[in-house]
Every structure is written in structure tokens, then in C-alpha cells.
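Comments concern the structure below.
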Amino acid sequence: MRTPSLRRRVTVSGVVVFIVLVLLLDGFVYLTLRARLEVTLDEVLATRVELVAGLAELVDDGAELAERLGARGIPAVVTTADGQRISSGALPRFDINPPGSPDLPPDRKTTTLALDSGGSGEVSVSRAGVDETLRRVALVTLLGTAVAAIAALLLFRRSAEVAMGPLDEVVAAADRTAAGRTGERLDPDRPDTELGRFAVAYDAMLDSLEDALERTQRTEERTRRFVDDAAHQLRTPLATVRASVEALLREQDPEVRDLLYASLVREAARADRLLSALLLLARIEGDRTPDRTPTDIAALCRDEVARTGSRSPSIDLDLDIEGDPGRPAIDGETVREAVSNLLDNARRHAATRVEVTVRADRDAGVTVVTIRDDGDGVPEDRTERIFQRFASLDGRGGSGLGLPIARAIAENHGGSLTYEGGAFILTLPTDPTVQT
């Protein structure tokens, strides 16, 4: 890409256009003045011809006619009938030919008229004054044009600096951004102008770049956290699997080998559950937009309550559908996972009973699922800690990922998951555009 100096190009272009316009004006003035002076010469010459014609009617002698013309200051050459040429001797002070010369100087405009005496008269008017005036005008206009060009150069140069000032601000902002400063914006006061539209486009580009950078950083952070969590959580089951395999290689007792095989299956299943949960959490937190479709939330909760009840027959699960919760636009599979995790957490901590309530808040435009158990509950100072990864407050066999996954699903939908008043409250917007 060629990168000439914009200031120089603007300055030179402006000066060239200015000089061309001035030269055109000078040419117009010069030509107009010359045409006017030529008309004036013709008028003077016509007047002299009339005067010579009038005198020729009064005087028959060529010498006397020349003498009278000279007395009146009219330059002329009278040719008598016998061919003698007589000069009037009246040459203007700016003529360079000596007086009395029978030939008129070449810088004169002449006309010849026939005389009644048989001769002729050459009447002239000098062009010297006209040519001198035109030369002076040309000199003055050229000098004026040169001075005007110098002044225009200085003015255009200064004007270019002022006009290019906003571009200097863009360059300065770009330098600061390149140096690592974020949030640099031009914020044009008039976005409808050329520079304003440029500044708006520049700000939009920075917004996109910073958003992309932020997404990249979040992705890197999620990847790092996933690797750290996987390495940390899978260390124990993998160590158990390794120890069981090593023991199997040495053990000969069939009963002990059966126990080791059972331990292998149990730890492999545990590792599989942990890895699946971590992958699900990473997928949900990966800026994934929910695949929203109208879903029968009541039927979804009814299925999950039935499934959880079959796993814990000693726990009484009660489902209460308040009114018609409708069919909110949600990702049914991920919401099902969230409800399942909440019910699994509730059955493990409940003494005898779990209550599930589903209702629609029409005014707020949300669907609310409340899950409450009759267990000991969560202390107030730990209501946020339970949503942290691998947080386990009671050691009852949970992986520590169920609640974080459920909250991530809720927030991915634009909703929320909180623990208030001894119950988990899952809020999902009915309208996808609503953010709670």
C-alpha cells in the first residue's frame, strides 16, 4: 500500500487548484483589457481618419496637409500625386523612430485613405502605449500570482494541519491501544460527518477486537481451569485404578480379585462421571447459546421427579404445578440436567420429603422451579460456596459439580439459581429476550 503524505497531497492539490484558478482569472483580465485597448485604438484611429479627411477637403497641397496634421499632433504620411511621401512629423513621445522619417514605425496601427488631390494619406496610431500597458499588467499579475501562491501554500499547509488534526487523534488512540491500553475510544461528537463515520467505524472495530480478545481470554481460562480440575479430580480414581491393577497382577485369591475388579469398575465409573460433568460444565460456560424451543416445563419436572423417586423409594417426592406454567422457550435437555442435579442433591440431603413447585410469574415473564427438602439445610454463610466447583460440605457422595452445572445452565438461559429460605430457586425467562 502506497502511503504518501496526506498533508502534502492536500496542500499541493489545494495550491495547484488555487494557482490554476488565479491564472485563469489573470488570463481573463489580460484578454479583456487587451480587447478593450484594441477597441480604443480603433476608435482613436477612426477619429484621426475623419480629421484627415476633413482637412484634405480644405487643403489641396500635400505638403500643407502634412504640415497641418503635424500641427495638430496627428502622425501621418501624405503621398502626393507625383509619388512624394511627406511625414507630418507628429510622433508621440514614446515613439522610438526619429521625427520626419517618411516611413511609419512597425509598432503602429495604420489605415490609408485616398485624397481628392490624387494622392493618399496613411494615418496611424501607436501601439506602444497599449503594448506597454499589457506588459505591465502581465508583469503585475504574474508577480501577484506568485505572491498569492506563496500565501496560499502557507495557508493550505496550516489548513491541512488543522484538517488532519482528528487523524492525529486516531493515530494516538491506535498507539495507546497497541501499547496495551484498553477502552480507548474516539467518541465523535458528530457521527454524521465523514470523520465522524470514520471514528464510529474505528470504535466499532475496537469493540469487536476487545470482545474477541475477551472471549479468547475466557476460553483460555476455561481451558486452563478444565485441565486443572480434570487433573486434580481424576488423580484419585486413576490412582485407585492403578493400585487395583497392580494388585490384580499379584493376587491369586479369587475373592480378593473379585473385590479388586469391583473397585476397578467403581473407580472407572466415578472417573467417567467426573469427566462427563466437567465436559458438560465447560460446554455450558463456553458462551454457548441455548437451543431454545417451546418446552412443557411441567411435564419435564414430572418426569424427573418420577425418575428420582424410583431411585429413592424411602423419600416422599411431592410435585405441585401452580396454574399453567406454559411452554417457555428453553433448551429442554440442559434444563432437564439442571432439574435432575437439584433433585439428586435434594434426595441425598432430605430426611423424608422433597417438595417441588413449578409456577409461572406472568408479570416478571419468568418460570420458577422451587425445590425444597426437609434436611438440615445450608448455613447462611455457605449459600454461595455450595455453587463452587467441587465444594462438598457434608461428604455425602456428591461430585461437587451438580450445583455449579445447574447454576451455569440457569445463567446461560439468562436466568438464575439461588438458595433462599431453605430452598433452591431456579428462575428461567419465559421470553428469551428477558434477562433476570
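The values are calculated or read from the model by the stated rules, or taken from the named source; none is laboratory data. Keep in mind it's a predicted model, so treat the numbers as computed, not measured. Here the Cβ positions follow ideal geometry from the backbone for every residue, glycine too, while neighbour counts run over all protein chains shown. Surface accessibility is based on the protein's heavy atoms, side chains included, excluding ligands, DNA and RNA. Shrake-Rupley method; radii C 1.70, N 1.55, O 1.52, S 1.80 Å.
The combined condition, being small (Gly, Ala, Ser) and either open to solvent by less than 60 Å² (accessible area, probe 1.4 Å) or modelled with pLDDT of 85 or more (or both), is not fulfilled by residue 395. Residue 113 falls short of the stated requirement of being at pLDDT 80 or above and assigned to a helix (DSSP H, G or I). Within the range 320-327, identify whether any single residue is over 12 Å from residue 356 (Cα atoms), in a helix (DSSP H, G or I) and touching a residue at least 24 places away in the same chain (Cβ under 8 Å), and answer yes or no. Among the residues of the range 320-327, not one is over 12 Å from residue 356 (Cα atoms), in a helix (DSSP H, G or I) and touching a residue at least 24 places away in the same chain (Cβ under 8 Å), which makes the answer no.
Of all residues in the range 167-193, those satisfying the criterion of being more than 30 Å from residue 22 (Cβ to Cβ) and part of a helix (DSSP H, G or I) are 168, 169, 170, 171, 172, 173, 174, 175, 176, 177, 178. Among the conditions (1) modelled with pLDDT under 80; (2) assigned to a helix (DSSP H, G or I); (3) exposed (fewer than 14 other Cβ atoms within 10 Å of the Cβ), the only one that residue 209 does not satisfy is (1). Among residues of the range 124-138 that are closer than 24 Å to residue 70 by Cβ, those with a Cβ under 6 angstrom from a residue that is open to solvent by less than 30 Å² (accessible area, probe 1.4 Å) and in a strand (DSSP E or B), sequence gap 6+ or separate chain, pair up as 124/108; 126/108.
One line per residue, one yes/no per condition, for (1) open to solvent by less than 60 Å² (accessible area, probe 1.4 Å); (2) touching a strand residue (DSSP E or B) at 6+ places or on another chain (Cβ under 9 Å); (3) within 27 Å of residue 340 (Cβ to Cβ); (4) not hydrophobic (A, V, I, L, M, F, W, C):
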{"site": "247", "(1), (2), (3), (4)": "yes, no, no, no"}
{"site": "260", "(1), (2), (3), (4)": "yes, no, no, no"}
{"site": "289", "(1), (2), (3), (4)": "no, no, yes, yes"}
{"site": "293", "(1), (2), (3), (4)": "no, yes, yes, yes"}
{"site": "304", "(1), (2), (3), (4)": "yes, yes, yes, yes"}
{"site": "315", "(1), (2), (3), (4)": "yes, yes, yes, no"}
{"site": "324", "(1), (2), (3), (4)": "no, yes, yes, yes"}
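The residues listed here are 274, 300, 278; of these, the one that is open to solvent by less than 20 Å² (accessible area, probe 1.4 Å) and either more than 30 Å from residue 374 (Cα to Cα) or at pLDDT 80 or above (or both) is 300. Please verify whether the range 24-38 includes one or more residues that are among the hydrophobic types (A, V, I, L, M, F, W, C), surrounded by 13 or more Cβ atoms within 10 Å (Cβ to Cβ), under 30 Å from residue 160 (Cβ atoms) and within 60 Å of the chain's Cα centre (by Cα). Yes, the range 24-38 contains a residue that is among the hydrophobic types (A, V, I, L, M, F, W, C), surrounded by 13 or more Cβ atoms within 10 Å (Cβ to Cβ), under 30 Å from residue 160 (Cβ atoms) and within 60 Å of the chain's Cα centre (by Cα). The residues in the range 64-95 that are aliphatic (A, V, I, L, M), open to solvent by 20 Å² or more (accessible area, probe 1.4 Å) and modelled with pLDDT of 80 or more can be counted, and the count is 2.
For the range 286-296, state whether one or more residues are within 52 Å of the chain's Cα centre (by Cα) and not in a loop (DSSP other than H, G, I, E, B). Yes, the range 286-296 contains at least one residue that is within 52 Å of the chain's Cα centre (by Cα) and not in a loop (DSSP other than H, G, I, E, B).
If you check 183, 165, which single one turns out to be touching a helix residue (DSSP H, G or I) at 6+ places or on another chain (Cβ under 9 Å), open to solvent by less than 60 Å² (accessible area, probe 1.4 Å), free of Cβ contacts under 8 Å to residues at least 60 places away in the same chain and more than 30 Å from residue 400 (Cβ to Cβ)? Spell out the reasoning first.
Details: 165 fails: touching a helix residue (DSSP H, G or I) at 6+ places or on another chain (Cβ under 9 Å).
After ruling out the rest, the residue left standing is 183.
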